[in-house]
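The values are calculated or read from the model by the stated rules, or taken from the named source; none is laboratory data. This structure is a prediction, so every number in the text was calculated from the model and none was measured. Cβ atoms come from the backbone with ideal geometry, glycine included; neighbour counts cover every protein chain shown.
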Ligand code: NCD
Ligand code: ZN
C-alpha cells in the first residue's frame, strides 16, 4: 500500500455528538468509539440533562456502555433552560462533571422544547460562564415562525449571536454545525474565543440532494442543508487550516419510522461513516494534509485540552455503507439508517494505532 492509500493521523475527537440513551445508546456508541477518542455529548434527552446530577448519571451510563471497547471519553454538557441556576452550572464545571453548556433556543430542533425562550433570561448564567471560563455551545437558529427556515441561522447571528459576543466579551462560544456563508464569515472574522463545528453532511450535501430528486427524509437535519454556494463556503473553510473551524459530526440517530413519516424528525446518523466522509471531502478538495488539524488538533486547542496520543489509521479500501444499524428492543423498531447508506466510500477506518512519537503526518 502506498502512502497515498494510507493515512495516519492523530486520533480525532467529535466535538458535537448525540448518543441518546438505553438501547439506542448501545447501538450507536461503537460507531463513534471505533474512531473518536473523546466526544462532546449533547444533552437533549427527554427529559433533558439539565442538572449536574443528570449529567453525572448520564456519563455513568455512557461509560458503562463503552466498557470493553476502545478508550472513549464522553465530555458532558448541561442543557440550559429559562430557569437554569448559575450556581448549578458553576458547580458542575468546577467538579469536572460538565464540560460546557448548550443553548437551544426553545423549539429550534429535536428535543428543544425545554430550551431558552430569550437569551436575556439566561444573562446571569452567561455572565457566570464568562467568569469561570466555561464554553457556551450554541444551536444558532431563531425560531420565529415569520423567519424562513433557510434564513434562521443568518438571522440568529445578527439578532442574537453578535449582540451576545458584545455583551459577554470574555465568553467562549462555539457556533455548532454551521451551514451558511454568513456563519463562516462571522466566525472567521470573530475573535479567537469564537469557533464553529462543521458536520460531514453539511460538507457533502446541499438542498438539491435533499429535494430535487424526490424528498429524502434521511438528509433532513437542523439547521437544514442550504443551497450549493453555502456548502462550497463550508468546504473551503474546513479545508483551509483555519483553527477556529473544527470537526463536530452532529451524528443524531432516529429510528427509521421517525424519519420516514408524515412529520419526519430532524437528525442524520453519520457516526458509521464520519471520518471516512471527512477524508473523502478533504481529498476531493486536494487537502488531505489539512485533515489532521481539523479532526484532531483545532478542537483540542480551542478547548485547552491535549491532543490524543494514539493515532487513527485510514486506508483507501472501498466499502459499502450498511443500509441499517439494528437497535435492540422495540423502542427503535426498524433500526437506524446511516448517512450514505448503500453507497460506496473509498476511505475506511482501519483501526487505532499506538501513541506516536512526534508528528505523525
Ligand atoms: C439533533 C437531534 O436529533 O438531536 N438533530 C439535528 O437535526 N441536528 C438536534 C440538533 O443538533 O439540532
Ligand atoms: Zn446536534
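Values for this structure:
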{"quantity": "Which listed residue, of 342, 335, is more than 16 Å from ligand 2 (Cβ to nearest atom), touching a strand residue (DSSP E or B) at 6+ places or on another chain (Cβ under 6 Å) and at positive phi", "calculated": "335"}
{"quantity": "Members of the range 165-188 found to be away from ligand 1 (no atom under 16 Å from the Cβ), touching a helix residue (DSSP H, G or I) at 6+ places or on another chain (Cβ under 6 Å) and within 17 Å of residue 137 (Cβ to Cβ), listed by number", "calculated": "168, 170, 171, 186"}
{"quantity": "Residues being surrounded by fewer than 21 Cβ atoms within 10 Å (Cβ to Cβ) and closer than 16 Å to residue 205 by Cβ - total across the range 265-275", "calculated": "1"}
{"quantity": "3 or more residues within 16 Å of ligand 2 (Cβ to nearest atom): qualifying strands (runs of 3 or more DSSP E) within the range 161-261", "calculated": "173-175, 194-198"}
{"quantity": "In the range 329-360, the residues that are exposed (fewer than 15 other Cβ atoms within 10 Å of the Cβ) and modelled with pLDDT under 95", "calculated": "329, 330, 331, 333, 334, 354, 355, 357, 358, 359"}
{"quantity": "Test: residue in the range 233-255 that is under 30 Å from residue 334 (Cβ atoms) and out of contact with any strand residue (DSSP E or B) (no Cβ under 8 Å at 6 or more places or on another chain)", "calculated": "no"}
